[in-house]
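Visitor: Below you will find the structure I want to go over with you.
Read-outs: derived from the displayed coordinates by stated rules, not from any lab. Just so we're clear, the structure is a prediction, and the values are computed from it rather than from any experiment. For neighbour counting, all protein chains shown are included, and Cβ atoms are generated from backbone atoms with ideal geometry for every residue, glycine included.
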Amino acid sequence: MFSLFQKKNTPFTIGNLSPKNFSVILPFEYKAGLIFIDIQIKDKRYSFLFDTGAFSILSSELIAKLALEKMQENLNTLDAFSKVKELSLYKLPELKIKELVFYDFQVASEDFTQNFPLSCLAFDGILGYNFFRELIISIDYENKTLKLSKKLPNTQAFTKIKLRQNSTQALEFFLSIEKQKVWMGLDTGSNGGLQFKDEVLALRLHKKKYKSQRIIGLFSSSLSGVNQQSFQDIFLLKKFSIAHKIAVKSFPISYEENSPNLAGNSFLEHFQTIIDFKHKKLYLKKREKNVEKTLERSFGFFTFWTKTEGLYISCIMQDTPAYNSKLKIGDRLFSIGETETLNFTKEDYCNFALLAQKIAYEKESSLKIIVKRGSKLLRISLTKKN
């Protein structure tokens, strides 16, 4: 059995590239805060999630369709909730991205296409870090392009940061928070911003009275499905730095005890980003003068959908209009504003909550909702504070 915790003889080192020198620019679709690219396998096009924080994975359906050769060994990985998973390995003879061809790389198999709500995104596989090990990748979030090359582009206006490789082969950089180094996984497979799981640091931030919000309920998911009901504290960091080199004025960071430390697209999109995987270097350039974001000013409720319950309140944020109202976790949603939601299907939920770039009612200062609790209908008015 292979394990990503071993340093030698892992699928991470298997596979070849052709041609030897290349520079490929390709557009990507930025959907639900994640990066998706088109890839060619056996003369057919497929949609892949671009994920710098994961090993490459194909759906079980695509593995069967391509009739890939199964390896004798399996692969141990960590999912987004820090649980060890054993995945089967397969040999992928060829994968094309324009003129760039990957030969004889290995991929893992996972039934993620069946896991809701990830299934809303309708993709075929994950292009992960074992495919990137010889590459230099430039991510342009503004123009929605990726550049894959062997040669480092002009980095004159960029700040160079050393990366380290963690036990699962993913790359990390550190933040300096309260004079403490906090190593963050470089994870384009996350649509979140910054998150950590250090309970001691969370207590320190509470003690120093950092402005914070707490979310209680069901609020995250991974390839394995949704998390268990839990809580998340969101702190507004002030004047911290990336590797002692790039100052950040303010930015939220989430604490959740079962999640790994990572920096996702909601943070990385504030920079032009170049990742040199072979030499473990990160080059960042601010897209704006100051990287600055505050805690969200929202109504404070989140929704989820199941076949039996329909659309319901899945979690509530403390000290928000929802928290101070009569809303409860588990209330079924009859309507939100002018949108009737009682008979929402899975497809309705996907379009409403996950695929929509911005939820229209979040722009409003007041909102009327109707929830069904048991046999009763409750009309609730929410108003944001000025």
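Visitor: When the gyration tensor of region 301-383 is built from Cα positions, what are the square roots of 5 times its three eigenvalues, in whole Å, from largest to smallest? Could you put the intermediate results ahead of the total?
Guide: Working: eigenvalues 64, 52, 27 Å².
Semi-axis lengths for region 301-383 are 18, 16, 12 Å.
Visitor: Mind giving me the FRET efficiency for His244 and His206? R0 is 25 Å, r the Cβ-Cβ distance, nearest 0.05 is fine.
Guide: Numbers: r = 25 Å, r/R0 = 0.99.
Efficiency at R0 = 25 Å is approximately 0.50.
Visitor: Calculate the translational D of region 141-182 in whole µm² s⁻¹ from Stokes-Einstein, where the hydrodynamic radius comes from the Kirkwood formula applied to all Cα pairs, the temperature is 25 °C and the viscosity 0.890 mPa s.
Guide: Values: Rh = 13.6 Å.
Translational D for this selection: 181 µm²/s.
Visitor: To continue, here is another question. Sorting check: for 121-127, 373-379, 111-117, 230-236, which peptide has the highest mean count of neighbouring beta carbons within 10 Å, and how do the rest follow? If you can, show how the numbers build up before the last one.
Guide: Details: 121-127: 20.4, 373-379: 10.4, 111-117: 16.1, 230-236: 18.6.
In decreasing order of mean packing, 121-127, 373-379, 111-117, 230-236 become 121-127, 230-236, 111-117, 373-379.
Visitor: If you don't mind, there's one more thing I want to ask. Given the DSSP H assignment, sum -39500 (n - 2.57) over each helix run of at least 4 residues in the chain and divide by its residue total; what's the result at 222 nm in deg cm²/dmol, nearest 500?
Guide: One gets -1500 deg cm²/dmol as the mean residue ellipticity at 222 nm.
Visitor: OK, next. Using a simple spin-label model with points 7 Å from Cα along the Cα→Cβ vector, what separation in nm is obtained for Glu288 and Leu377?
Guide: Output for this residue pair reads 4.2 nm.
Visitor: Could you calculate the FRET efficiency of Thr308 with Gln72 from 1/(1 + (r/R0)^6), where r is the beta carbon distance between them and R0 is 30 Å, rounded to 0.05? Spell out each step's value before the answer.
Guide: Values: r = 41 Å, r/R0 = 1.38.
Efficiency computed from Cβ-Cβ geometry: 0.15.
Visitor: Another question about this same structure. Identify unpaired cysteines across the chain, taking unpaired to mean no other cysteine Cβ lies under 4.7 Å from the residue's Cβ.
Guide: That list is Cys315.
Visitor: Please order Ser381, Ser23 by the number of other Cβ within 10 Å, starting at the fewest. Don't skip to the answer; put the middle values down first.
Guide: Numbers: Ser381 10, Ser23 15.
Ordered by Cβ neighbours within 10 Å, fewest first: Ser381, Ser23.
Visitor: Figure the gain on full extension for Asp43 and Glu257 (residue separation times 0.36 nm, minus the Cα-Cα span) and round it to one decimal in nm. Walk me through the numbers on the way to the answer.
Guide: Numbers: separation 214, 0.36 × 214 = 77.04 nm, distance 4.39 nm.
Length difference between fully extended and current span is 72.6 nm.
Visitor: Separate question: Would you mind calculating the gained length between Arg133 and Arg214 on full extension (0.36 nm times residue separation, minus the Cα-Cα distance), in nm to one decimal? Intermediate results must be reported in sequence, preceding the final value.
Guide: Numbers: separation 81, 0.36 × 81 = 29.16 nm, distance 3.80 nm.
So the chain would gain 25.4 nm between Arg133 and Arg214.
Visitor: What relative contact order, as a whole-number percentage, does the chain give when Cα pairs under 8 Å and 6 or more residues apart are counted?
Guide: Details: 878 pairs, mean separation 59.7, N = 386.
Taking the mean separation of contacting Cα pairs over the length of the chain, I get 15 percent.
Visitor: Would you grab the residues whose amide H sits under 5 Å from the one on Glu364? Only those 5+ places off in sequence or on another chain, please, with H modelled 1.01 Å from N.
Guide: none
Visitor: Note down the net charge around Leu382, summing +1 for each Lys or Arg and -1 for each Asp or Glu among other residues with Cβ under 12 Å from its Cβ. Before the final figure, lay out each step's value.
Guide: Working: positive: Lys326, Lys368, Arg379, Lys384, Lys385; negative: Glu362, Glu364.
Counting the neighbours of Leu382, the net charge comes to +3.
Visitor: Follow-up. With a sphere of radius 13 Å drawn around the Cβ of Ser314, what net charge do the other residues whose Cβ falls strictly inside it have (Lys, Arg +1; Asp, Glu -1)?
Guide: On the way: positive: Lys328, Arg332; negative: Glu309, Asp331.
Net charge in that neighbourhood comes out at 0.
Visitor: Run through all the Cα pairs of region 2-149 and give the fraction in each 10 Å bin from 0, expressed as whole percent.
Guide: Going out from 0 Å in 10 Å bins, region 2-149 shows 10, 43, 37, 10, 0 percent.
Visitor: Most exposed first by the Cβ proxy, i.e. fewest other Cβ within 10 Å, how do Lys385, Lys368 rank?
Guide: Numbers: Lys385 9, Lys368 14.
Ranking Lys385, Lys368 by Cβ neighbours within 10 Å, fewest first, gives Lys385, Lys368.
Visitor: Now for a separate question. Over the chain, with a Gaussian network built from C-alpha contacts below 10 Å, which listed residue (Ser325, Ser88, Ser266) shows the highest mean-square fluctuation?
Guide: Ser325
Visitor: How much FRET efficiency would the formula 1/(1 + (r/R0)^6) give for Ser60 and Tyr103, where r is the Cβ-Cβ distance and R0 is 30 Å, rounded to 0.05? Walk me through the numbers before you get to the answer.
Guide: Working: r = 23 Å, r/R0 = 0.76.
With R0 = 30 Å, the Cβ-Cβ based efficiency is 0.85.
Visitor: In addition: So what's the convex hull volume per residue for the Cα atoms of the chain, in Å³? Please report the intermediate quantities before stating the final value.
Guide: Values: hull volume 56.7 nm³, N = 386.
Output value, Cα hull per residue: 147 Å³.
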